[in-house]
Amino acid sequence: MKNPLDSLWGTVISGFILTAILYYIARVIVSHAMGAGA
Amino acid sequence: MSPSSDWILRWFHIMAGIMWIGLLYFFNFVNVAAVKEATAAGEAGPISKYVVPRALLFFRWGAVVTWIFGAALLGGYPGPNGMNGFAAAFGLQGTMAPIGFGAWLGTIMLINVWTFIWQNQKKILGYVPATDEQKAKARRVAFLASRVNVMLSIPMLFFMSTGPTSISQQIYH
């Protein structure tokens with residue numbers, strides 16, 4: 001399998017996918033904290 | 001922290017950040033392809049001699065200045081449960097988690113700049129002695145480290161722009 005980082009656009013797309021994953025995790029953490037009244 | 005020092009820190013954090021990430025994008029979106037074409041034409045010498053060393057100087061020190069002003073800015077924020085904002089962000093505590101992700105990504109990128117990118121660029125540019133084989137390996141490692149930073153910059157900028165601001169009320173809650 002080709003390394004996506006060898007391609008500029010593979011790198012950019014990887015960055016957007018990582019953003020979506022981290023955004024989901026951040027949202028879970030914030031929602032949990034708001035639910036707990038933090 | 002007073003409101004005046006908050007905006008001054010934010011201002012310098014953004015200016016230094018543009019210097020750092022702007023040069024990162026210059027290297028990846030412009031310079032890699034330019035050097036490839038110039039090498040094929042036998043004309044890459046001036047880029048390596050006059051452009052890259054200057055760009056790397058502002059790149060690596062821009063990264064340091066960005067991190068210092070960002071850390072100072074975070075330190076002035078109140079975290080949950082009486083925590084300092086810096087500790088709360090890096091601890092991914094509650095509403096400080098989004099900016100914490102940005103801070104962690106920026107920190108990983110800073111470490112990447114000073115270890116994998118700069119240490120290998122010193123071999124490529126001839127600042128430290130290296131065989132042709134070591135230079136070839138250094139080129140590959142520096143290239144991939146730089147590409148990793150481009151990838152990380154995308155979520156980093158997302159969390160920096162949606163962190164502890166009014167926008168975060170809309171998209172995280």
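The values are calculated or read from the model by the stated rules, or taken from the named source; none is laboratory data. A quick note: this is a predicted structure, and the numbers were derived from the prediction, not measured. Note that we place each Cβ from the backbone using ideal geometry, even for glycine, and neighbour counts take in every protein chain shown.
Only one of these is out of contact with any helix residue (DSSP H, G or I) (no Cβ under 7 Å at 6 or more places or on another chain), modelled with pLDDT of 95 or more and of a type in the set (A, V, I, L, M, F, W, C): B:PHE159, B:PHE116, B:PHE143. Name it.
Of B:PHE159, B:PHE116, B:PHE143, the one residue that is out of contact with any helix residue (DSSP H, G or I) (no Cβ under 7 Å at 6 or more places or on another chain), modelled with pLDDT of 95 or more and of a type in the set (A, V, I, L, M, F, W, C) is B:PHE143.
Listed here are the residues, each with its yes/no results for (1) surrounded by fewer than 15 Cβ atoms within 10 Å (Cβ to Cβ); (2) more than 30 Å from A:ALA33 (Cα to Cα); (3) without any contact (Cβ under 8 Å) to a residue 12 or more places away in the chain; (4) within 9 Å of another protein chain (Cβ to nearest Cβ).
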| residue | (1), (2), (3), (4) |
| --- | --- |
| B:ALA89 | no, no, no, no |
| B:GLY94 | no, no, no, yes |
| B:ILE108 | yes, no, no, no |
| B:PHE143 | no, yes, no, yes |
| B:SER161 | yes, no, yes, no |
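Regarding segment B:5-19, can at least one residue be identified that is under 30 Å from A:SER7 (Cβ atoms), away from chain A (no Cβ under 13 Å) and without any contact (Cβ under 8 Å) to a residue 24 or more places away in the chain? Step through it out loud before you land on a result.
Let us first name the residues in segment B:5-19 that are under 30 Å from A:SER7 (Cβ atoms), namely B:14, B:16-19.
Next cut, away from chain A (no Cβ under 13 Å) only: B:14, B:16-19.
With the extra rule that they be without any contact (Cβ under 8 Å) to a residue 24 or more places away in the chain, the set shrinks to B:14, B:18.
For segment B:5-19, residues under 30 Å from A:SER7 (Cβ atoms), away from chain A (no Cβ under 13 Å) and without any contact (Cβ under 8 Å) to a residue 24 or more places away in the chain: present.
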Exercise. Just to be sure, is B:ALA63 out of contact with any strand residue (DSSP E or B) (no Cβ under 7 Å at 6 or more places or on another chain), within 22 Å of B:PHE86 (Cα to Cα) and either surrounded by 17 or more Cβ atoms within 10 Å (Cβ to Cβ) or modelled with pLDDT of 95 or more (or both)?
Worked result: yes
Problem set entry | Residue match in segment B:124-139 (condition: among the polar types (S, T, N, Q), free of Cβ contacts under 8 Å to residues at least 24 places away in the same chain, surrounded by 15 or more Cβ atoms within 10 Å (Cβ to Cβ) and not in a helix (DSSP H, G or I)) | no
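Restricting to segment B:20-33, what's the tally of residues that are surrounded by fewer than 16 Cβ atoms within 10 Å (Cβ to Cβ) and in contact (Cβ under 8 Å) with a residue 12 or more places away in the chain? Step through it out loud before you land on a result.
We begin by selecting, within segment B:20-33, every residue surrounded by fewer than 16 Cβ atoms within 10 Å (Cβ to Cβ); these are B:22, B:25-26, B:29-30, B:32-33.
Then drop every residue that is not in contact (Cβ under 8 Å) with a residue 12 or more places away in the chain, which leaves B:25-26, B:32.
Residues that pass the stated criteria total 3.
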Problem set entry | Residue list for chain A, restricted to those being over 21 Å from B:ASN28 (Cβ atoms), part of a loop (DSSP other than H, G, I, E, B) and either more than 7 Å from chain B (Cβ to nearest Cβ) or modelled with pLDDT of 95 or more (or both) | A:MET1, A:ALA36, A:GLY37
Seminar exercise, completed: Across (1) at pLDDT 95 or above; (2) within 23 Å of B:SER146 (Cα to Cα); (3) among the small types (Gly, Ala, Ser), B:ALA87 clears everything bar (2)
